[in-house]
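Notes follow once the structure below has been shown.
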């Protein structure tokens, strides 16, 4: 039989419910980081800066270790309970339907097949190409202008063409632009097919607005390295508009495809389609996999 708690132990237990011990604040990590910054900055400036950085880094290491060893420096913080009432407007609890043979629910339960992403990417590529060619017609009167700018990603000769040559047809540039545009569109379409099941309520918001804006921002920072000619002549308003058009069309096409159930909890052999003995029934038999 357990002995009753003494008055002092009961007081300490009650006090522990309203207080919590946290690591004490320390400035030594900042000193260590500043020391390392000076240590490497001295490689470009002066050796004295590196010496100062080494001293600060050593002091930061020693000070930080003394904050932890042999005893951790902690401070007691009072706990203030905050009662948050949980309310809902729903009268029925929604439950995720899970197949009986599944051991646990893997989310998302259903996803789009690979073919859906390919179809969405190809459809979005057409919408983006239409806007890009319309931009070329409005700015220079030629649909070949954006095509040659895209081909400059891998075609070095495009960097030395005159403005007049940018508006003329060139077979190699056209083929390269089609290949680059097709590969990029299919890859992004596959990405949309994988991401849209994770946003079931507003999938077009992700595919048509959020993702194109993020993608445009990423390209804005690295386009000067990937394609300097395109970075020099690009119109970011039209470029972002074409990305949004791609996202909306690709998202709508992917959503129209039928979803297939996911089988992450099945053995890898079954998910890969390998006929493994003991797991896959023989051909022609109606037995289920064990």
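Coordinate-derived values only; no laboratory data. What you see is a predicted model; the values in this text were computed from it and never measured. Backbone-built Cβ (ideal geometry, glycine too); neighbour counts: all protein chains shown.
Numbers at a glance
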read-out: Residue 79/residue 33 FRET efficiency (R0 25 Å; Cβ-Cβ; nearest 0.05); value: 0.20
read-out: Using a Förster distance of 35 Å, the FRET efficiency for residue 220-residue 262 (Cβ separation, nearest 0.05); value: 0.50
read-out: Stretch gain in nm, segment residue 46-residue 87, where the contour uses 0.36 nm per residue and the Cα spacing is subtracted; value: 8.5 nm
read-out: Residue order, fewest to most beta carbons within 10 Å, for 83, 235; value: 83, 235
read-out: Length gained when the stretch residue 237-residue 187 is fully extended (0.36 nm per residue, less Cα-Cα span); value: 15.7 nm
read-out: Residue order, fewest to most beta carbons within 10 Å, for 45, 88, 140; value: 88, 45, 140
read-out: Per-pair calculated FRET efficiency, R0 = 45 Å: residue 194 and residue 140 via Cβ, rounded to 0.05; value: 0.75
read-out: Nitroxide proxy distance, nm - points 7 Å out along Cα→Cβ at residue 21 and residue 71; value: 1.0 nm
read-out: Unit Cα scatterers, Debye sum, the stretch 19-78: log10 I(q)/I(0) for q = 0.16, 0.28 Å⁻¹; value: -0.55, -0.99
